[in-house]
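The structure appears right after this line, and notes come after that.
Each reported figure results from applying straightforward, stated rules to the coordinates on display, with no laboratory input. The structure displayed is predicted, hence computed values, not measured ones. Using ideal geometry, Cβ is built from the backbone for each residue, glycine included, and neighbour counts are taken over all protein chains shown.
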Amino acid sequence: MAVDQKYFQEESPCQKKLKVHTDERIGSFDGSYISHSGKICVRYEAETKAFTVETPVDAEVCFAGKTTIVQSGKYEFKCC
């Protein structure tokens, strides 16, 4: 499943803004997006309510009402 491009905002070539919206009707998802800066991967596990993002550049990640600024790399966030 590809991630809808509308969830990615190009702040600059060196920083992205990722907004993740989950929907319990969909359940888990796994996807990627090829940006100008490289491949961004996201995964959401409905059972554990864990969201994983892998980004090639610094990013502002918005998930479960919280915003976190991360450097390039792989990160896991937990909801509730």
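Points to keep in mind about this one:
- The distance between label points at Lys66 and Arg43 comes to 2.0 nm (points 7 Å beyond Cα on the Cα→Cβ vector).
- Hz values of 3J(HN,Hα) by residue in the stretch 43-56 - Karplus curve (6.51, -1.76, 1.60), Gly and Pro given as x: 8, 10, 9, 5, 5, 9, 6, 9, 10, 10, 10, 10, 10, x
- Within the stretch 29-53: backbone nitrogen closer than 12 Å to the Lys78 label point (7 Å, Cα to C-beta): 48-51
- A simple rule links phi to the HN-Hα coupling: the Karplus curve 6.51 cos²θ - 1.76 cosθ + 1.60 with θ = phi - 60°, which for the stretch 25-39 gives 5, 7, x, 6, 8, 8, x, 8, 9, 8, 9, 5, 8, x, 7 Hz, with x for Gly and Pro.
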